[in-house]
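Quick notes on the structure that follows.
Since every read-out is calculated from the coordinates, none of them should be taken as a lab result. Keep in mind the model is a prediction, meaning the values are calculated, not measured. We place every Cβ from the backbone using ideal geometry, glycine too, and count neighbours over all the protein chains shown.
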Amino acid sequence: MLIFIMRRAATMVLTMIVVSLLLFLALEINKDAVAIKVLGPYSTDEQRAIWLENNGYNDPLPVRYGRWLGNFVVGDFGESTRFKTEVSEILWPRLANTGILAAATFAVVIPLSLLLGVLAGMREGSRLDRSISVASIVTTSIPEFASAPLLAAIFVFYLGWLPGTSGMSDGFSVVQLILPVMVLVLYDFGYVARMTRASMADVMTTDYIRTAILKGLPYRTVITRHALRNALIAPFTVIMLQVNWLLSGVIVVEYFFAYKGFGALLLEASLNNDIYMIEACAMVAVFVAVATQTLADIGYTYLNPRIRFS
Amino acid sequence: MSEQAAGSVQPRRSAIGRIFRGISALRESPVGMVGAAIVVFWVLVALSASFLLQLGLIFPPNATLAPLMGPGSEYIVSAGRNVMNMPVEQVCSPITSGTDAGNFDCGTFWLGTDHIGRDILSRIIFGSQTVLTYAPLATLCAYAVGIPMGLAAGYKRGWVDDVLSFWANVILSFPVLVLYILIISLVGSSEINILIAIVFASSPGIMRIVRGLTLDLRNREYVFAAETRGEPTLRVLFVEILPNARGPLIVDSMLRLGYVIITIGVLGFLGLGLPPPDPDWGGMINETRQLMMTFPHMAVFPCIAISSLVLGFNLLADGLREVSLKD
């Protein structure tokens, strides 16, 4: 088990290094382009040359990459050209905002999709199973950028129940969080529900469930004691991997509802050529995604007794 | 000559015969039939767009007519004005009775118009051409790249597999949209760049699936037989292994088409999509979302259009999977 964890952690570090190298090469291999992005298109050649010299851009590429990576590891991301301040000052509060959004989404998605998935998988092929399956296909077919305007049209325009933007300009407001969370939940729950259903349906056909039913245990006990514990291992991984999808979803949702989060920041940075902000956002996004994947792998292995005890 | 003798033992159905058999098998899945119907509907819409325009049933998609019109409103023009650079008397029919008598009726905006006066129905219809051209094209290109990678990784194993699998891991560890935003902000948004970005981001996923299937199929007897006959590796890969992996790949391609449609849409929505003015559903939502609170119809109809098309492909994939499991 320990060796497995070490190996997964090593893979994670290696992945992050390759990602950082790709990112560095893509964005910084042309140092003149970097100077133009940082100093603006109207800077003179002389200014750019001085800036490049002062910031060590005339060193060989491997040296530059090493220093860049070193700064990254200690959390020094450079200065944002758009906000005229340290990237980290902007990035961490924005990331915290997105964390709130993600936590609220998961708080709804996990119970909802597990419940629906278990109900559907308990009796495969029943009417309830079919309707839950079709409903989850329908909701996962509506991309966030379509469900956001649709839900806004219903709840803001026609019903007038909710605010249409979530800028949180007058302090934090739960009401403004409802629509963004609703959009994310709508897109994300279907997949987890379907995976839970498949896992539950698999478990229900196993011999030990048949034995439990045949020896006369109440159906409720069969489900809660025997089926659930084994059926919920696979959805655990799926839920962890949803983080990767959620990071895409928050970009759309934060952009649409003007929520001051990390996804909107990444988009804004790339539209404004804010090079150090792009690098920091991308690295943080990939780190979160890779870290959850690694945790999902380790957790899955730990939860599965067949692997744990072998 | 030798191809026939070596490749097939049993008589094969023609390509058309096999496709027909596949379609008739789909009849067993109501969900799949609904999906197929939605997809066929949009394909027909895309194909008939120019025809409908010539018949004068819809307005030109990029013509600015009357801004901010609600769904179902009539396009009424007073005498002496021009419509699409033509005198109104020549192109529209005069109204003889009612409050608008003396003016000209130039048609109906069934779904209303957008903020600069373009007919939304017409833009949705022409937008289906855009999306049904680029999405299948991008998906095909992604398969053209991903399939050889997967075959090589699964068949050769060893370092080829290690390198390709690690590459796939790296690409797939990016949150999808972050990857697209990075690529597009680096290379700029144009038709070809979006195509390249989609191929770059989705071929590793295809590679993984093909690799898994190849790992399974390479131990089959017919593959050993082909190897013993001394067939070249490429022939073993593309004639013996690939055709037998087609079932899961067809299901995957339908799902992937849905994702690519979403991708093209979301790039348009974020302002990184196909360049204007030609209609693109995601771009239509983006252009009109600021007016959401006063004119929701402008964004709602493109939303319904794109969701229904994605739903069609997802239901089709579900139906195909169901049918293929029955066999």
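Descriptive notes on the structure:
- B:LEU270 long-range amide H proximity, modeled H, under 5 Å: none
- Given chain B, longest segment not containing exposed loop trypsin sites (Lys or Arg not before Pro) (DSSP; at most 14 other Cβ within 10 Å): B:230-327
- Highest GNM mean-square fluctuation among B:VAL31, B:VAL39, B:VAL83, for chain B modelled with Cα contacts below 10 Å: B:VAL83.
- Sequence-distant contacts, meaning Cα pairs under 8 Å at least 6 residues apart, place the relative contact order of chain B at 23 percent.
- Within the listed set A:THR294, A:THR196, A:THR44, the Gaussian network model of chain A (springs between alpha-carbon atoms below 10 Å) gives the highest mean-square fluctuation for A:THR44.
- Relative contact order (%) - criterion: Cα under 8 Å, at least six apart; region: chain A: 25
- Viscosity 0.692 mPa s, temperature 37 °C, Stokes-Einstein D of the stretch B:191-324 from Kirkwood C-alpha radius, µm²/s: 186
- Fully extending the segment from A:ALA107 to A:THR205 would add 32.3 nm, taking 0.36 nm per residue of separation and subtracting the current Cα-Cα distance.
- FRET efficiency, A:ILE3 to A:LEU303 (Cβ-Cβ, R0 22 Å, nearest 0.05): 0.75
- The Cα atoms of chain A give a gyration tensor whose axes a ≥ b ≥ c have a/c of 1.5 or more with a/b no greater than b/c, which makes the shape oblate.
- Residue of B:VAL34, B:VAL163, B:VAL43 that the Gaussian network model of chain B assigns the largest fluctuation, springs spanning Cα pairs under 10 Å: B:VAL163
- Karplus (6.51, -1.76, 1.60) ³J(HN,Hα), θ = phi - 60°, over the stretch A:250-255, in Hz, Gly and Pro reported as x: 5, 4, 5, 5, 5, 5
- For chain A, the longest principal axis of the Cα atoms and the long axis of helix A:175-204 meet at an angle of about 50 degrees.
- Size of electric dipole in chain A: Cβ of Lys, Arg +1 and of Asp, Glu -1, about Cα centre, debye, nearest 20: 1780
- Cα long-axis angle, helix B:246-269 against chain B (0 to 90 degrees, to the nearest 10): 40
- Cβ-Cβ FRET estimate between A:GLU46 and B:PHE200, R0 fixed at 41 Å, reported to 0.05: 0.60
- The per residue volume of the convex hull around the alpha-carbon atoms of the protein assembly as shown is 235 Å³.
- Each Lys and Arg contributes +1 and each Asp and Glu -1, all at the Cβ; summed about the Cα centre of the protein assembly as shown, the dipole is approximately 2520 debye.
- Rounded, prolate or oblate (a/c below 1.5 giving rounded, otherwise prolate when a/b exceeds b/c) for the stretch A:232-304 by Cα gyration tensor: oblate
- Pairwise label distance in nanometres, B:TYR222 with B:TRP110, each label 7 Å out on the Cα-Cβ vector: 4.7
- Put simply, when A:232-242, A:212-222 are sorted by average Cβ atoms within 10 angstrom per residue, most first, you get A:232-242, A:212-222.
- Using alpha-carbon coordinates, inclination of helix B:120-156 to the longest axis of chain B, degrees: 10
- Chain B: Cys lacking any partner C-beta under 4.7 angstrom: B:CYS141, B:CYS303
- Here chain B is described by how far its Cα atoms reach on the three principal axes: 85, 45, 35 Å, from widest to narrowest.
- Segment B:LEU291-B:SER97, extension gain: residue separation times 0.36 nm, minus the distance between their alpha carbons: 66.4 nm
- C-alpha center-to-center spacing [the stretch B:285-327, the stretch A:232-278] in angstrom: 21
- Each of B:GLY127, B:ILE181, B:VAL170 was placed along the dipole of the stretch B:110-263 (beta-carbon charges, centred on the mean Cα), and the one lying farthest toward the positive end is B:VAL170.
- Phi to ³J(HN,Hα) by Karplus 6.51 cos²θ - 1.76 cosθ + 1.60 over the stretch B:207-219, Hz, x for Gly, Pro: 4, 4, 5, 5, 4, x, 5, 5, 4, 6, 6, 5, 9
- Solvent-free Debye scattering, log10 I(q)/I(0), computed from the Cα coordinates of the stretch B:261-327 at q = 0.17 Å⁻¹: -0.63
- The H on the amide N of B:TYR75, modeled in the peptide plane, is under 5 Å from the matching H of B:CYS106, B:GLY107, B:THR108, B:PHE109, each at least 5 residues off or on a different chain.
- Each listed q (0.09, 0.10, 0.16, 0.20 Å⁻¹) maps to a log10 I(q)/I(0) for the stretch A:17-163, found by the Debye formula over equal Cα scatterers with no solvent: -0.59, -0.68, -0.99, -1.27.
- At q = 0.18, 0.21, 0.25 Å⁻¹, base-10 log of I(q)/I(0) for the stretch B:87-185 (Debye sum, equal scatterers on each alpha carbon): -1.04, -1.16, -1.24
- Spatially proximal lysines relative to A:LYS260 (Cα-Cα < 18 Å; intrachain offsets below 8 disregarded): A:LYS84
- At R0 = 25 Å, FRET efficiency that the Cβ-Cβ distance of B:VAL187 and A:VAL63 yields, to 0.05: 0.40
- When only alpha carbons of the stretch A:107-171 are considered, Rg and Dmax amount to 16.1, 50 Å.
- Under a 5 Å amide H cut-off, with hydrogens placed 1.01 Å from N, A:TYR259 pairs with A:SER166 among residues at least 5 apart or on other chains.
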